[in-house]
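In what follows, a structure is listed as C-alpha cells, so that the remarks can point back to it.
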Ligand SMILES: Nc1ncnc2c1ncn2[C@@H]1O[C@H](COP(=O)(O)OP(=O)(O)OP(=O)(O)O)[C@@H](O)[C@H]1O
C-alpha cells in the first residue's frame, strides 16, 4: 500500500545506530511532521516505495549499502526528495561527494539537537515554498491553457463550458473525436480545471509501445522482474498519484492491460510487474479515442465493462469541417505561433479563408497547423494568399488542366486518401485496405501530404 498525506511534511531518518533513531524521534516528537526511521538502506528503500517522503537525513556510514549509494538510488528513483547527508566530523571529501550526487546539504556528526531542528525546519520551508510555487504555476498554466484553446464557434464555446463543468467533478471521461481535433488539448484543459491541477498530468500513448512495455510503463516493475529490469520503477500511474492520467488512443490498448485498467478504476489499486502486493493509487483517468469503441466491443477487441467505466462522461470533439468559424481564429493563432521573423506573413487574405473553409480538413486542426507552418516557412509575402496553399486545398481553376502530371497525380492521390479516411471514420487500417496499400505506406503518405 502506498501512503501519503499531501498536507504533512514527511521526513525519513536513516541510521544504523538505533539510539540515534530514538533520539531523532524524541527531538521531533512535538513537530507536526510525519516521521519515518530506517536502520539500513534496504529498509529505507522499502519505506520510500510505500510512503510519500519529502526529505531524508541519511547517515553516510552504514553496513551493506552505504549512504552515498542510497543517495544515488534515491536521486534516480525519487529525484524530488531533498536529502541531507550525515557525515563524520571534518570529512569534507564525503560531503562534497554527497552534494555532487544530489544531496541538498550535509550535517556533521555529532550534532546538537538545535542544529538538527534548524536544518529540518529549513527543509520544511523549502518544501512549503515548492508546493506554493507549483500551485501558482498551475494557476498560470490554467489561464494560459485557455488562451491557447482557440475557438469561437457555438460548438467550441459549448465545449469550453462543458470542460469547466467536467473539470470540477472527478469522473472518468472518454473523449471521442477524429484525429487532430484537439482531444489532448481538451484533456489538458479538464485537468487544469480540476482540483488535481497542482499535480501531474501524465500521458500514455497506447499505440507506441508493445504490450509488455506498456504494462511496465503504466504500472511499474520490481527490480529483476524481467530481463533488463535493473532497478525498480514506479510507473506512470503511480507517478501521476493525485493527478490525472491521460490514455491516448485507448482503443489500441491490448486486452490484458484493459483488465488491469478496469481494476485500477474499480479498486483504485495497481500491481507492479513482478509484485504480489497491490498498491493504492489515486488518479483520475481521461481517455481518448478516434475509433468507434462500439464496433471494437462487437469485434471483441475492447472490453465492454471497461467501456462503461470509462464513459461515465463522454465528450465528442467535433471535426473542423463542422466548425468552420474556428478556421479564422485558429489560422491567426498559428500564424503568430510560427512567425520566426518580420519577413514572414502576418495575416491571411479573405480569399484564402474562403478556400480554407471549403476544404474538409481530414487531419483537422493538426493538418491546419501543419499547412500554416509550412506556408510560414516557404512564403515571403506579408499576406497568405490562396496560391500559397498546396493542392488539393487550393486548385486554381485556370491552371488545373495545365498542371504538371506529377502535381496532378499527387492531387488525385491526396484526394483519394482524404476520401478513404472520411469513409472509414479515420480508421487507418481500413482506409489502407480501401486504397489497396500497406498501413506503413499510408502513414508515409499522410506525412507527405501533412495529414498527420
Ligand atoms: N482548440 C485548439 N486551439 C488551439 N490549438 C489546438 C486546438 N485543438 C487542437 N489544437 C492543436 O492541434 C494539434 C492536434 O491536437 P491534439 O493532439 O490535441 O489532437 P488529438 O485529437 O489528440 O489528435 P490524435 O487523435 O492524433 O491524438 C496540436 O498541435 C494542438 O495544439
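What follows draws every value from the coordinates through simple rules; no lab data is involved. These numbers come from a predicted model, not from an experiment. A quick note on method: Cβ atoms are made from the backbone with ideal geometry, for glycine too, and the neighbour counts reach across all protein chains shown.
Some points to look at:
- Cα gyration tensor shape for the range 10-139, rounded if a/c is under 1.5, else prolate or oblate: rounded
- With neighbour counts taken as other beta-carbon atoms within 10 Å, the residues 306, 71 rank, fewest first, as 306, 71.
- To the nearest ten degrees, helix 154-168 and the longest principal axis of the Cα atoms of the chain are 10 degrees apart.
- Structure-based [θ]222 nm, the chain - -39500 (n - 2.57) summed over DSSP H runs of at least 4, per residue, nearest 500: -14500 deg cm²/dmol
- Angle between the chain longest axis and helix 327-337 axis [Cα atoms, degrees, rounded to 10]: 50
- DSSP bridge analysis restricted to the chain gives an antiparallel fraction near 5%, rounded to the nearest 5.
- Neighbour counts of C-beta atoms inside 10 Å place 293, 222 in the sequence 222, 293, starting with the fewest.
- For the chain, averaging the sequence separation of C-alpha pairs within contact (under 8 Å, six or more residues apart) and dividing by the residue count gives a relative contact order of 12 percent.
- Taking a ≥ b ≥ c as the square roots of the eigenvalues of the alpha-carbon gyration tensor, the range 321-388 is classed prolate because a/c is 1.5 or more and a/b outweighs b/c.
- Area projected by the alpha carbon convex hull of the chain, averaged over all directions, nm²: 27.0
- Packing-based ranking of 38-49, 121-132, 178-189, 350-361 yields 178-189, 38-49, 350-361, 121-132, ordered from highest to lowest mean Cβ neighbour count within 10 Å.
- Cα-based Kirkwood hydrodynamic radius, the range 169-317, one decimal, Å: 15.5
- Degrees, to the nearest 10: 405-423 long Cα axis against longest axis of the chain: 60
- Across the range 39-198, Cα pairs under 8 Å and at least six residues apart give a relative contact order of 16 percent.
- Taking a ≥ b ≥ c as the square roots of the eigenvalues of the Cα gyration tensor, the range 409-449 is oblate, since a/c reaches 1.5 or more and a/b is not larger than b/c.
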